[in-house]
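*Asks:* One structure follows; several queries about it will come next.
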Amino acid sequence: MSRTLSVAIKAAAIAFASLAASPGFAAEGASTPHKQDWTFSGPFGHFDQAQLQRGFKVYREVCAACHGMRLVSFRNLMEEGGPGFSEGQIRLLAAEYQIQDGPGEDGQMFERPGRPSDRWPSPFPNEQAARASNGGAYPPDFSVLAKARTYTRGFWLSLLDLVTQYQEHGVDYIHALLTGYDQPVPEGQQGQPGLHYNPYFPGGWIAMAKPINDGQVEYTDGTPATVDQYARDVSAFMMWAAEPHLETRKQTGFIVIIFLAVFAGLLYFTKKKVWSSVAH
Ligand code: HEC
């Protein structure tokens, strides 16, 4: 028993140490994003279909001019647990884009209207072209960005997040970043040409100008057309793009925990029965 205990204590100590030493993404002086309420957090988390559709609209009409999403195909947008578009809608949507295909019989590449199986077309042919259009900065691909970004909340809060399994730091950060423009530049800081002040971006200066303003994207379901709401919706959409099977993962996880609990109970009684006739 004491051996098990000491192993457990050692494991906990290692977990503590790695947590304390984990490199922080947030740079010195950067503001810490606030935790937001997300429908997809927690063990019963699920995506809000209407929100994903709005987020997709924001992405398509605004962000897609600079940010690609190369791991997402048009047909993913009609999968269960996602924005839930119909096959007809996706066919029409894909056909609006010209996709490079080939080579044809003449050995040349050619363009044709998109199909549901095509990947989301990137706004730039390559990274160099993307940088050339953005003052040298590269607009990162959105496919997994919501999972690739995080921030540090200090040792104790990070520990709490570990215990509560809070995994929405990436979307909190994106929401904070999008709503974090228009803040007064702290005294003593110099605005550099081509960069914009945003306290949530590590270092405080980002090459992306404020991408979205109130009223820019039309919402037809009565949801307020504000930067805050756009930021929430597009972040949720990015979370779905990064983890389209989140709902299934959470449901399976829950069932597994129930199964393990029942199994542990059964094992306990089996052990009692097996050893009941042995003198000890
Ligand atoms: C005009 C081009 C342009 C548009 C439109 C645009 N972005 Fe960006 N975005 C950039 C560039 C360039 C960067 C890289 C900034 C840097 O590294 O300083 C960037 C970076 C980002 C980052 C990453 C920040 C980080 O931590 O590295 C996020 C998140 C982001 N954009 C979200 C969005 C969202 C959401 C939209 C749509 C509402 C959007 N962007 C629209 C150009 C754009």
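The values are calculated or read from the model by the stated rules, or taken from the named source; none is laboratory data. Keep in mind that what you see is a predicted model, and the values were worked out from it rather than measured. Note that each Cβ is placed from the backbone with ideal geometry, even for glycine, and that neighbours are counted across all protein chains shown.
*Asks:* Could you list, in sequence order, all residues of the range 221-251 that are in a helix (DSSP H, G or I), charged (D, E, K, R) and away from the ligand (no atom under 13 Å from the Cβ)?
*Replies:* So the first thing to find is which residues in the range 221-251 are in a helix (DSSP H, G or I), and the list is 227-242, 246-251.
This time we only want the ones that are charged (D, E, K, R), so: 228, 232-233, 247, 249-250.
Listed by number, the residues that qualify are GLU247, ARG249, LYS250.
*Asks:* So which helices (runs of 4 or more DSSP H) stay within the range 128-196 end to end and still have 2 or more residues that are modelled with pLDDT of 95 or more and under 18 Å from PHE237 (Cβ atoms)? Explain how you work it out, then say what you get.
*Replies:* Working: elements: 145-148, 155-164, 169-179.
Counting at least 2 such residues, we get 145-148, 169-179.
*Asks:* Taking only pairs six or more apart or across chains, which ones have beta-carbon atoms under 9 Å, a first residue in the range 57-70 that is closer than 15 Å to ALA231 by Cα, and a second residue that is within 10 Å of the ligand (Cβ to nearest atom) and polar (S, T, N, Q)?
*Replies:* VAL58/GLN216; GLU61/GLN216; VAL62/GLN216
*Asks:* Cβ-Cβ under 7 Å, sequence separation 6+ or interchain: first residue in the range 31-56 and under 13 Å from TYR166 (Cβ atoms), partner assigned to a loop (DSSP other than H, G, I, E, B). Which pairs?
*Replies:* Within 7 Å, the pairs are PRO33/TYR151; PRO33/TYR200; TRP38/GLU168; PHE40/HIS46; PHE40/PHE47; SER41/TYR166; SER41/GLU168; GLY45/THR39.
*Asks:* Let me ask something additional. Got at least one residue in the range 195-204 being within 9 Å of the ligand (Cβ to nearest atom), touching a residue at least 60 places away in the same chain (Cβ under 8 Å), in contact with a Ser or Thr (Cβ under 7 Å, 6 or more places away or on another chain) and among the hydroxyl-bearing types (Ser, Thr, Tyr)?
*Replies:* yes
*Asks:* Which ones in the range 128-158 are touching a helix residue (DSSP H, G or I) at 6+ places or on another chain (Cβ under 9 Å), more than 8 Å from the ligand (Cβ to nearest atom) and closer than 18 Å to TYR59 by Cβ?
*Replies:* So in the range 128-158, the residues touching a helix residue (DSSP H, G or I) at 6+ places or on another chain (Cβ under 9 Å) come out as 137-140, 142-153, 155, 158.
Those left that are additionally more than 8 Å from the ligand (Cβ to nearest atom): 143-144, 146-148, 150-153, 155, 158.
Within the range 128-158, SER143, VAL144, ALA146, LYS147, ALA148 qualify.
*Asks:* Residue check: is LEU71 in a helix (DSSP H, G or I), surrounded by 12 or more Cβ atoms within 10 Å (Cβ to Cβ) and not aromatic (Phe, Trp, Tyr)?
*Replies:* Details: in a helix (DSSP H, G or I): no; surrounded by 12 or more Cβ atoms within 10 Å (Cβ to Cβ): yes; not aromatic (Phe, Trp, Tyr): yes.
Considered against the rule, which asks whether it is in a helix (DSSP H, G or I), surrounded by 12 or more Cβ atoms within 10 Å (Cβ to Cβ) and not aromatic (Phe, Trp, Tyr), LEU71 comes out as no.
*Asks:* If you take the residues in the range 55-70 that are closer than 14 Å to ALA236 by Cβ and under 16 Å from the mean Cα position of the chain (by Cα), which one is nearest to the ligand (Cβ to nearest atom)? Even if it seems obvious, please write down each step before you answer.
*Replies:* Just the residues of the range 55-70 that are closer than 14 Å to ALA236 by Cβ, to begin with: 55-59, 63.
When the remaining residues are screened for being under 16 Å from the mean Cα position of the chain (by Cα), the result is 55-56, 58-59, 63.
On the way: GLY55: 9, PHE56: 12, VAL58: 6, TYR59: 7, CYS63: 3 Å.
Checking each candidate, the answer is CYS63.
Matching residues to (1) polar (S, T, N, Q); (2) free of Cβ contacts under 8 Å to residues at least 40 places away in the same chain; (3) closer than 28 Å to GLY135 by Cα:
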position	(1), (2), (3)
ALA209	no, yes, yes
ASP214	no, yes, yes
ALA225	no, yes, no
ASP233	no, no, yes
GLY253	no, no, no
GLY265	no, yes, no
LYS271	no, yes, no
SER277	yes, yes, no
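*Asks:* Tell me yes or no: at least one residue of the range 200-210 is in contact with a Phe, Trp or Tyr (Cβ under 8 Å, 6 or more places away or on another chain), surrounded by 19 or more Cβ atoms within 10 Å (Cβ to Cβ), among the hydrophobic types (A, V, I, L, M, F, W, C) and within 19 Å of VAL62 (Cα to Cα).
*Replies:* There is no residue in the range 200-210 that is in contact with a Phe, Trp or Tyr (Cβ under 8 Å, 6 or more places away or on another chain), surrounded by 19 or more Cβ atoms within 10 Å (Cβ to Cβ), among the hydrophobic types (A, V, I, L, M, F, W, C) and within 19 Å of VAL62 (Cα to Cα).
*Asks:* Something else: Condition check: touching a residue at least 40 places away in the same chain (Cβ under 8 Å), within 23 Å of ASP233 (Cβ to Cβ) and not assigned by TED's automatic domain parsing to the domain that holds TRP205. Does GLU79 satisfy that? Lay out the reasoning, then the answer.
*Replies:* Values: touching a residue at least 40 places away in the same chain (Cβ under 8 Å): yes; within 23 Å of ASP233 (Cβ to Cβ): yes; not assigned by TED's automatic domain parsing to the domain that holds TRP205: yes.
It is true that GLU79 is touching a residue at least 40 places away in the same chain (Cβ under 8 Å), within 23 Å of ASP233 (Cβ to Cβ) and not assigned by TED's automatic domain parsing to the domain that holds TRP205.
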